Amino acid sequence: MLPAYISHSDCVRHEMGEHHPECPERIGAISDHLLIKGLLDYMRPYDAPLASEEQLARAHSLSYVREIANMAPGEGYAQVDPDTWMNSYTYLAALRAAGAAVLATDLVVQRKATVAFCNVRPPGHHAERNAAGGFCFFNNVAVGIRHALDVHGLERVALVDFDVHHGNGSEDILYDDVRVLMCSTFEKNLYPYRGSVPRGPNMINVGLAPHSGGEAFRAGVTEHWLPALDMFRPQMIFISAGFDGHREDDMGNLGLVEADYEWVTRQIMQVAQRHAQGRVVSCLEGGYVMSPLARSVAAHVKVLIGAD
């Protein structure tokens with residue numbers, strides 16, 4: 001039984017125009033670096049399937065799912081919000097990204113994989129129940145979480161999100177689901193300009209000041225996430241793995257480095273070993289400068305798969 005590595009070539013075909021930060025090259029930068037570091041030698045590759053309408057509708061309204069399908073242009077671009085666009089491949093890529101989370105859930109719950117990392121795009125954590133935005137169309141981790149709960153019958157699932165931006169979409173979908181605990185760190189006063197007041201008692205939102213660095217990040221996780229996770233005792237953990245808090249990524253100003261992503265992954269894996277039989281699914285979110293993105297993902301995956 002090996003860790004799963006899930007991706008698909010359709011995820012590279014989606015693009016939102018020249019110079020857009022959420023670019024196709026992200027997928028290759030990550031896969032190339034994982035290959036160079038030898039980490040893919042310890043993982044079994046899988047092609048991401050297409051998520052079904054039924055699977056998507058566990059996290060989104062059916063009308064929204066069909067609206068996104070109908071917005072896909074035959075050629076050129078369709079604008080969804082000020083910074084989010086669709087090309088003719090976007091809908092397929094979004095289905096693959098959500099389908100990756102579903103497949104990862106199946107593999108890990110059925111003990112066909114120890115853990116799973118989904119190198120997919122578009123990202124998902126800004127996609128709300130009825131709205132796209134922030135480069136996101138379907139909420140990949142929320143689709144996976146609801147699959148774990150509603151199909152596999154798990155009773156308690158945790159979502160941890162360390163992207164530099166708050167996962168407003170995940171909060172919108174999950175804030176009233178008592179079966180889910182969501183723990184989020186993010187930079188204050190940054191898009192989507194939400195998260196300072198949690199929408200539900202199952203939301204542990206830790207806003208961090210700009211330039212606060214790894215010490216504040218680690219303190220937030222230690223003081224807020226870990227006690228809540230141990231009290232909740234999740235049976236499975238999903239990670240919204242965003243790496244745009246890195247000090248070399250100008251999308252934010254937190255000033256994190258690879259060692260911080262390695263450290264937080266280790267904390268998550270220890271919680272998973274205590275409560276969740278080691279069951280973890282990680283899905284790529286942000287990270288927009290190729291070198292720090294690839295290095296940070298490698299630091300994360302190394303601990304995720306137990307190769308550290």
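Each value in this text was obtained by applying a stated rule to the coordinates, not by laboratory testing. The structure displayed is predicted, hence computed values, not measured ones. Virtual Cβ from ideal backbone geometry, glycine too; neighbours counted across all protein chains shown.
Here is how the numbers come out for the structure above:
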{"quantity": "Stretchable slack from Asn130 to Val197, in nm (0.36 nm times residue separation minus alpha-carbon distance)", "calculated": "22.0 nm"}
{"quantity": "Cα extents of the chain along the three principal axes, largest first (Å)", "calculated": "48, 43, 41"}
{"quantity": "Proximal lysines to Lys112, defined as alpha-carbon separation beneath 30 angstrom and excluding residues fewer than eight positions away on the same chain", "calculated": "Lys37, Lys302"}
{"quantity": "Two-site FRET efficiency, Glu25 against Ala228, from Cβ-Cβ distance with R₀ of 51 Å, rounded to 0.05", "calculated": "0.90"}
{"quantity": "Cβ-based charge dipole, segment 167-308, positive-most Cα from Ala294, Val280, Gly207", "calculated": "Val280"}
{"quantity": "Label zone at Met1, where the point sits 7 Å out along the Cα-to-Cβ direction: segment 236-279 residues whose backbone N lies under 16 Å", "calculated": "236-237, 272-279"}
{"quantity": "Whole-angstrom gap from segment 239-290 to segment 71-146, using each part's C-alpha centre", "calculated": "18 Å"}
{"quantity": "Overall form of segment 23-147 per C-alpha gyration tensor (a/c, 1.5; a/b vs b/c)", "calculated": "oblate"}
{"quantity": "Kyte-Doolittle mean at least 1.0, axial Cα span of 24 Å or more - DSSP H helices of the chain", "calculated": "90-109"}
